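A quick write-up on the structure given underneath.
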Amino acid sequence: MTFAGKTVLVTGGARGIGRAVVEDFRQAGATVYFTYRKSQELAERLAAESGAVALPCSQSAPEQIEAAVSTIMAQTGRIDVLVNNAGVRSDQFIVLSAYEQWRHVLDVNLDGAWRWAKAVSIPMMSASSGAIINIASVGGLVGIAGQTAYSSSKGAILAFTRSLAAELGTRGIRVNCVVPGFIETDMTATLSPALKRENTRRILLKRMGQPREVSGVVLFLASDAASYIIGQHIVVDGGLTATVSF
């Protein structure tokens, strides 16, 4: 797959899956911009090593998002691919959680994805082409105790993907979703060893995934090889949700 001459925007690209996506698109020849919020040192290092452009930007700030899109358009004149990857978790049982925790997770994971999709839709519609890949989670497919906020946000991303595809598909813009399982990232590093062992036991491949095993699917969905795929989600979880385990 080659993306020479294409401009790609990845949200939350400094770490984990986002970082792998940035690196893979750069290796495939794309001009890549990625956003970050707190990970300035990691972002600057990735930019220096990969040649991608780091943009400090909050998922919760519409004016920053619009400014980032305007910057990219001014510099390249196009946005061919948006990867809605940025996300947060705030695990807690509902009886112990605060409404502010719930709202923060939904604002970053769901509202943020909406803000970015809205911002890139106009230039993509003007070009009558583009691809938007949203990153969800298996938490949006199955119930996980302590993740009512996170799972709700990711389940909503699946519905958001289908509806956005219905809106933009007739304008030549393909919207799809990747659904990772347990991937070795900073986010899953906070899980307890016992929970990691239990989840690995349920995975058919008996191991956690690697970020590049997700980024490869992202690049596929953004490529011409997936030109007839729209409104779909692809689960990348090693078989975690493929069977019922007891």
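How do 193-205, 34-46, 69-81 rank on mean C-beta neighbours within 10 Å, highest first? Can you show the working numbers first?
Numbers: 193-205: 13.0, 34-46: 18.6, 69-81: 16.8.
Highest-to-lowest ranking by the protection proxy: 34-46, 69-81, 193-205.
For the range 52-167, what's the radius of gyration and Dmax over Cα atoms, in angstrom?
Considering the range 52-167 through its Cα atoms, Rg and Dmax are 15.4, 49 Å.
Let me spell out the model: positive unit charges on the Cβ of Lys and Arg, negative unit charges on the Cβ of Asp and Glu, origin at the Cα centre of the chain. What dipole size does that give, in debye rounded to 20?
Details: 23 positive and 19 negative charges, 88 e Å.
Computed charge dipole of the chain: roughly 420 debye.
What distance in nm separates the two pseudo spin-label positions at S223 and M73, each 7 Å out from Cα along the beta-carbon direction?
So the label points at S223 and M73 sit 3.0 nm apart.
Can you compute 3J(HN,Hα) from phi for each residue in the range 184-196, using the Karplus curve 6.51 cos²θ - 1.76 cosθ + 1.60 with θ = phi - 60°, rounded to whole Hz and x for Gly and Pro?
Rounded to whole hertz, the list is 6, 9, 4, 5, 7, 5, 7, 5, 5, x, 5, 5, 4.
With n ≥ 4 as the cut-off for DSSP H runs, can you work out [θ] at 222 nm for the chain, using -39500 (n - 2.57) per run divided by the number of residues, rounded to the nearest 500?
Dividing the helical sum by the residues of the chain leaves -14000 deg cm²/dmol.
With each label point set 7 Å from Cα along the Cα-Cβ vector, what nm distance links S192 and T170?
Computed distance between label sites S192 and T170 equals 5.2 nm.
None of the figures in this text is laboratory data; all of them are computed from the coordinates on show. Just so it is clear, the model here is predicted, and its values are computed rather than measured. All Cβ positions, glycine included, derive from the backbone under ideal geometry; neighbour counts span all protein chains shown.
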